[in-house]
1. Can you tell me how much longer the chain between residue 164 and residue 142 gets when fully stretched, taken as 0.36 nm per residue apart minus their C-alpha distance, in nm with one decimal?
2. Rg (Å, one decimal) plus Dmax (Å, integer) for the alpha carbons of region 21-103?
3. What is the distance, in nm, between label points placed 7 Å from the Cα along the Cα-to-Cβ direction at residue 73 and at residue 112?
4. Running Debye on region 69-168 with equal point scatterers at the Cα sites and no solvent, what base-10 log of I(q)/I(0) appears at q = 0.25 Å⁻¹?
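Coordinate-derived values only; no laboratory data. Note that the structure is predicted; figures quoted are calculated from it, not measured. Neighbour counts run over all protein chains shown; Cβ positions are idealised from the backbone, glycine included.
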Amino acid sequence: MAGLDEVEHPRRRAGAVAAAPWAPSVEGERALKAVELYGNPAVGEVCLPSRPESAATARRLAQSVMLRQWGLSALMSEHVVLLVSELVGNAVRHTGARTFGLRMLRGRGRVRIEVRDPSRGLPCLLPVQELDESGRGLMLVDKLSDRWGVDLLPYGKTTWFEMRTAER
């Protein structure tokens, strides 16, 4: 059936609801707001307060960079966001720091995510039992990333992970 613009449009079934026009999701808007407030971790290190709610901010920043800026897959973004949350959780929970830094780097065929904190205490990859309520963070980083490690700094450390991207 031709519409007003002389273009053939499919018939709508009785009771069918028209799709809503595209609008950014609430989470997408929060991600953009986080970049406005804290900065872009793909441009330089972003300093965040060492509080549990900063994990959500770090996830939003990572998601914004992965999907909007770098255009990488939703699955890869989901994995990066999960691992960012784990590294940030460790920095908040175990370092006693007032702030931590988040930085995201993209190289040829890979992404590297770094979380810097002022503690020189090294994270430990421990065996985890099925009923354990914590301790799975580094296990997830180990399983989902291609490489991960810790670089000791004169005043603190950087815990990082890398993942290969589809393009080479």
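1. Using 0.36 nm per residue and subtracting the Cα-Cα distance, I get 6.5 nm.
2. 12.6, 46
3. Calculated label separation equals 2.3 nm.
4. Rounded to two decimals, the profile gives -1.39.
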